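Data block below; observations after.
Values quoted throughout were computed directly from the atomic coordinates according to the rules given, and no laboratory measurement underlies them. Just so you know, these numbers come straight off a predicted model, no measurement behind them. Note that we place each Cβ from the backbone using ideal geometry, even for glycine, and neighbour counts take in every protein chain shown.
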Amino acid sequence: MKQVIGYQFQTETKYQREPYSAGAIERQGKREKLREKLTDTAIPLPPPDRENGWPLYRALNDRRSVREFQNRPVTLSALSQILWAASGVTQKAGDFLLRTAPSAGALYPIDIYVSVRSVETLKPGLYHFLPANHSLRQRYEGDISELLADAALNQDFLAEASFNLIFTAVFERTTWKYGSRGFRYIYLDAGHIAQNAALAAVSLRLGSCPVAAFFDDEINALLGVNPARESTIYLLAVGWPR
Ligand SMILES: Cc1cc2nc3c(=O)[nH]c(=O)nc-3n(C[C@H](O)[C@H](O)[C@H](O)COP(=O)(O)O)c2cc1C
């Protein structure tokens, strides 16, 4: 099956600013400064709890989109638990590392980045979640939450959240097999993952809000990914509800 339609859909449904929009040069400058601080440090996450926790039905009942957050840090173990719930490895089956969320063809096209503003023992910065060894790789130091909020059409709660999960799709992981139809699967995969994370958050009495309104390529530039290969498709703000 041809892959063209899927990429065209993805590209033509992007929010984009007007070419000479206000603040464009300042934004670009801020992003470049962050990239000067590129690091590549691996940070193991505390092992997740795989057995206990808030009852599922209670979490389903209590989940609400939360857009007002306290200025209070979240523990590293809470972040670890949410990342594991979102897309952690639960079983090895042959060459496949199966995860908490289903994925078309077990191809796992969604990657998770974490923009940390206030997490105990973690420096503010941008991190990449590595499910296979349940760790984070720090991309760079520096709080990008205000840039994220700005890129998300000024949804200020992103700058108040303790951290934001940024879900990207690495298209080729799925399209090599399913062609353009793979784009449907990619978006469905992201929904499963985000819901897992939202339920884990409420189980830890944290609040979360999914966000899909953003200027795609501004967030891609913050991540330093090549949008032709990998693009931001969803965000989840997480913090203590006010
Ligand atoms: C795909 C998707 C995109 C969303 N994007 C945004 C967003 O950009 N900003 C926002 O404040 N809420 C966003 N939401 C949250 C919805 O507004 C929210 O889920 C809805 O109002 C129902 O409320 P509840 O989540 O509390 O049940 C989004 C939800 C979904 C599923």
Open item on the list: Just to verify a result, which residue in the stretch 186-207, among those that are of a type outside the set (A, V, I, L, M, F, W, C) and surrounded by fewer than 19 Cβ atoms within 10 Å (Cβ to Cβ), is nearest to residue 242 (Cα to Cα)?
Closed with: 205
Open item on the list: Is it the case, given these coordinates, that residue 101 is touching a His at 6+ places or on another chain (Cβ under 8 Å), small (Gly, Ala, Ser) and assigned to a loop (DSSP other than H, G, I, E, B)?
Closed with: yes
Open item on the list: If I go through the stretch 60-73 residue by residue, how many of them are out of contact with any Lys or Arg (no Cβ under 7 Å at 6 or more places or on another chain) and either near the ligand (Cβ under 10 Å from one of its atoms) or closer than 27 Å to residue 121 by Cα (or both)?
Closed with: 8
Open item on the list: So for the stretch 153-175 (the condition being more than 12 Å from the ligand (Cβ to nearest atom), within 14 Å of the chain's Cα centre (by Cα) and of a type in the set (D, E, K, R)), does at least one residue qualify?
Closed with: no
Task: Residue count, the stretch 216-242 (criterion: more than 12 Å from the ligand (Cβ to nearest atom) and more than 19 Å from residue 173 (Cβ to Cβ)) - done: 9
TODO: Being part of a strand (DSSP E or B) and in contact with a Lys or Arg (Cβ under 8 Å, 6 or more places away or on another chain) is the filter here, so list the residues in the stretch 104-123 that pass it.
DONE: 113, 116
Task: Filtered residues of the stretch 36-84 (kept if hydroxyl-bearing (Ser, Thr, Tyr), over 21 Å from the mean Cα position of the chain (by Cα) and surrounded by 11 or more Cβ atoms within 10 Å (Cβ to Cβ)) - done: none
- [ ] Go through 190, 200, 194, 213 for me and flag whichever is touching a residue at least 24 places away in the same chain (Cβ under 8 Å) and away from the ligand (no atom under 12 Å from the Cβ).
- [x] 200
Task: Answer from 146, 120 - the residue that is more than 15 Å from residue 212 (Cα to Cα), surrounded by fewer than 20 Cβ atoms within 10 Å (Cβ to Cβ) and touching a residue at least 40 places away in the same chain (Cβ under 8 Å) - done: 120
